[in-house]
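The values are calculated or read from the model by the stated rules, or taken from the named source; none is laboratory data. None of these values were measured; they are calculated from a predicted model. Every residue, glycine among them, receives a Cβ derived from its backbone with ideal geometry; neighbour counts consider all protein chains shown.
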Amino acid sequence: MDESAIADGLSGIGRSSELSGAIDAENRLEPMPATEWQRLIALPAQTPALDRLRSNTVGTLVVIGSTTGSPSFPLQPENSQLPGIATIRSGTSSEDPWGELVDGLARLYVMGATIDWEAYQEGRRARRLPLPTYPFERQRFWVLPSRADATAAAGEVVLKTPVWRPALTVTGERWAGGVWLVLADPDGIGDEIVHHLALRGAQAILVRPGEYFGRPAPDQYTIRVAVAEDYVRVLQQVESEWGMPRGICHLWAAARDGRVPHLADVDTTFASGVESVVALLRAVSTWGRRAGLELWIVTADAIATGKEEGPLHPERAALVSLAQVAAQESRDLLVRVVDATWKDGEASALASCVLQELLRGSPEPTVAAYRAGRLLQRDLLPIQAATVEKPAIEAGRVWWIVGGLGDLGFEVASHLAAAGSCRLVLTGRTRLPPRLAWQEYLANEAPTAIAKAVRRVMQLEAMGAEVLLAPGDVSDLQEMQEAAQLINDRYGGVYGVIHAAGVAGQAKPVQKLDSAALSSVLRGKARGGLVLDTVSRDLKPTHFIFFSSLSALYGGLGFGDYAAANAFLDVLAHLRRSQGLPALAINWAGWRDRGLETQAVYVTENRPQTLTVDEALAAFDAALPSGMTQVVVEPSTPGFPPLRPTESPPHPSRLLSEATSPALSGLPVPPGELGLPAQASPTKQSPGPSGLLATIRKALASLLSAPEEELDADAPLVDFGMDSRIGLQFLQALEEQFAVELPLTLLADHPSLAAVARYLHLRLSPSPGV
Ligand SMILES: NC(=O)c1ccc[n+]([C@@H]2O[C@H](COP(=O)([O-])OP(=O)(O)OC[C@H]3O[C@@H](n4cnc5c(N)ncnc54)[C@H](OP(=O)(O)O)[C@@H]3O)[C@@H](O)[C@H]2O)c1
């Protein structure tokens, strides 16, 4: 280790005495000879110093001292000796002191400290390699625990449940000046934040929701919550009069609301939450000055940590997951969420949590949950499913399955039917023809959704189940009241309700979500969940199961609307539990070859790991009696998978692009074969194949911080460390560069620079095939 280099780096930093903890700010560290460092390193650190440091509100402490010997500084900040102070240290016992220091630096980074990586890397040749950021990619770049440590064997399914624990934090304050837009709540959180920002020299512009665009005072606006044009106007005016905004703080989903969420309010709350953030992101994209802008979304009681002061708000949970996806999708815009809880009369307590995060300014965690003033982080705790004693699937029970004629609903219905003589009430929007016409209908009609549904009902009946059809739209209160009445009249109640209805998301980045389609995704799952919660109460179910998805927890590019709808259900389950009602939300991984997640569009050709139907049903059996409110079902990944992504079967169009021409200068590929629209867009004059290749290579090199000459045109993009996140950023860069809208599947279908250039050449050519 080059000690003098370290000493050089430390000069100018206050030195703390190991014994007293006194900080000698005047007497800055001077470069010291190696022998002096060795002497200091050999001294064990003394605990009395800790009190002094704490009273000096030290947030980060780099301890250079013995790792052995007692007393010594604690390594873990959650150790009660040193709350709120992150420590790293290096020891002399190690054979790799430099490695220990780097490890310590990494710890600080994970805790949220801002590290000057450029300075750290100075003089070295290093390449930024982004790690996978969401589960659907399923590429592992790290070594997993050995087989012996893994929680499940190959083919088994791991059941987990989310728990929230105190997180490691590094306190610290960055400069928070500049111009801020504060989308203020009615309860004073916004005013508190404005006050504190002003103390730090910032200029805050207040924006409140209104019926129309207005400017009641020079530094105040009213806008329509879901109208992107209003946000654009504010951004443009603020930029021209006050300067470039530094950040936006969205507080409209943080208002104090002690009421339990009600169906009558759900559309309004979606408008001021999910819809307003979509409109805001669209406006920022239209405005075009995203670089360096920060978007802080504040919610209250949206995350079920178990430590809430007021009722949970599922509609705000939808916003949290949507924002998480927006953060994953954003290249040059920092998106962060802070969720806190309301205590009566304490806008200041909530504001201080927001300020703490805002002043820390760290990009991680994307979602910060504060309870009792402490930052919590989510862990997924494995559940001992083996402790399940009696199977919950008993013969003869009445189950109401909404979405029961869909893929997952039908698999579960068959599973219940197989347990023996159960009675199944199946609900969906599709109305089947009268039973008398079924045989004839099946014989005469080509395969249709109705014929498929009819076959499924007949199959269930052949298994011995009694099937009652109660058609209707789950988001329609009246139709579901009628269905509930029908069930009550026939059976006098239900044993279990399963909400397995829903439609696929739009597979678009959040700012491009179409509002009508967004509402339809939210309607079936989220509003539908609330309707079922309402109408099922008199039926007194023992089980109430929501079919949710991993996307609610992990997000995923293009999953904004779908993740939002699922997150709503997770928190609705927790809300029901808090009311003493049965509830279980299951965050399913995709079911293999079943259902609407098979239609989802992924940015790379690597499909997510999926569950077989047998694995999923075994997990259903285990989750049901687990007593949990939320269960996460993922396939296990034991052993040591390769550090590089495993080969997935080549996409047909990939085969095509490889087969057609290895070189860009080869014969043009017909647009139909490339999956292009029949009429290629004549909007732009193509710059020519080699010009295109040079442009897109440059764009990718800049994203990857890699030299252009290293990016071989015909090499697979994954070889450059391309993952879905970089893929989306690359796509956005190309869209901006060429002013075209590109499909999310572009890079999956055309997985090399040459193939992308070929596609763009055809797409931008005035006539197809030229
Ligand atoms: N497939 C997966 O791998 C997967 C993974 C995680 C979670 N999930 C969740 O599991 C649930 C079922 O998914 P799936 O894959 O089985 O989808 P699916 O095959 O498309 O089935 C969905 C069913 O929901 C019904 N439905 C949709 N909107 C409705 C509404 N407004 N009112 C009443 N019924 C409605 C549809 O019937 P109608 O069109 O006739 O109404 C359809 O039968 C979804 O909520 C999905 O998010 C699925």
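Yes/no per residue for (1) at pLDDT 95 or above; (2) crowded, with 16+ Cβ neighbours inside 10 Å:
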{"site": "Ser475", "(1), (2)": "yes, yes"}
{"site": "Glu479", "(1), (2)": "yes, yes"}
{"site": "Glu482", "(1), (2)": "yes, no"}
{"site": "Asp489", "(1), (2)": "yes, no"}
{"site": "Val494", "(1), (2)": "yes, yes"}
{"site": "His499", "(1), (2)": "yes, yes"}
{"site": "Gln511", "(1), (2)": "no, yes"}
{"site": "Ala516", "(1), (2)": "no, no"}
Original post:
Any idea which of (1) modelled with pLDDT under 95; (2) over 24 Å from Thr341 (Cβ atoms); (3) in a helix (DSSP H, G or I) is the one Arg246 doesn't satisfy?
Top reply: (3)
Original post:
Considering Ala500, Ala453, Ala504, Ala483, which residue is under 30 Å from Leu742 (Cα atoms), within 13 Å of the ligand (Cβ to nearest atom) and assigned by TED's automatic domain parsing to the domain that holds Asp621?
Top reply: Ala504
Original post:
Among the residues of region 389-412, which ones are within 21 Å of Val535 (Cα to Cα) and at pLDDT 95 or above?
Top reply: Val398, Trp399, Trp400, Ile401, Val402, Gly403, Gly404, Leu405, Gly409
Original post:
If you check Ala347, Ala302, Ala271, Ala291, which single one turns out to be of a type in the set (A, V, I, L, M) and closer than 17 Å to Ala552 by Cβ?
Top reply: Ala302
Original post:
Would a scan of region 402-409 turn up a residue that is surrounded by 14 or more Cβ atoms within 10 Å (Cβ to Cβ) and more than 30 Å from the chain's Cα centre (by Cα)?
Top reply: no
Original post:
When region 579-605 is examined, which residues are found to be modelled with pLDDT of 80 or more, near the ligand (Cβ under 10 Å from one of its atoms) and of a type in the set (A, V, I, L, M)?
Top reply: Ile586, Ala589
Subject >> Which listed residue, of Leu322, Leu251, Leu295, is within 20 Å of the chain's Cα centre (by Cα), modelled with pLDDT of 95 or more and within 19 Å of Val521 (Cβ to Cβ) >> reply: Leu322
**OP:** Taking the options Arg256, Arg215, Arg246, Arg289, name whichever one is of a type in the set (Lys, Arg) and within 30 Å of Val531 (Cβ to Cβ).
**Re:** Arg256
Original post:
Which of the residues that make up region 468-482 are in contact (Cβ under 8 Å) with a residue 40 or more places away in the chain and farther than 15 Å from His499 by Cβ?
Top reply: Leu468, Leu469, Pro471, Gln481
Original post:
Considering Ala318, Ala327, Ala347, Ala351, which residue is within 23 Å of Val182 (Cβ to Cβ) and within 16 Å of the ligand (Cβ to nearest atom)?
Top reply: Ala318
**OP:** Residue by residue through region 290-348, note down the ones that are of a type in the set (Gly, Ala, Ser) and assigned to a helix (DSSP H, G or I).
**Re:** Ala317, Ala318, Ser321, Ala323, Ala326, Ala327, Ala347, Ser348
Original post:
So which of Ser661, Ser657 ends up being farther than 18 Å from Pro743 by Cβ, touching a Lys or Arg at 6+ places or on another chain (Cβ under 9 Å), surrounded by 16 or more Cβ atoms within 10 Å (Cβ to Cβ) and at pLDDT below 50?
Top reply: Ser661
**OP:** Filter region 521-552 down to residues that are surrounded by fewer than 24 Cβ atoms within 10 Å (Cβ to Cβ) and within 8 Å of the ligand (Cβ to nearest atom) and give me whichever is modelled with the lowest pLDDT.
**Re:** Leu550
Subject >> Yes/no for Glu315 being acidic (Asp, Glu) and in contact (Cβ under 8 Å) with a residue 40 or more places away in the chain >> reply: yes
**OP:** Scan region 438-450 for residues that are in contact (Cβ under 8 Å) with a residue 12 or more places away in the chain and away from the ligand (no atom under 14 Å from the Cβ) and jot them down.
**Re:** Trp438, Tyr441, Leu442
Subject >> region 420-433 - residue that is away from the ligand (no atom under 13 Å from the Cβ) and surrounded by fewer than 18 Cβ atoms within 10 Å (Cβ to Cβ) and, of those, modelled with the highest pLDDT >> reply: Pro433
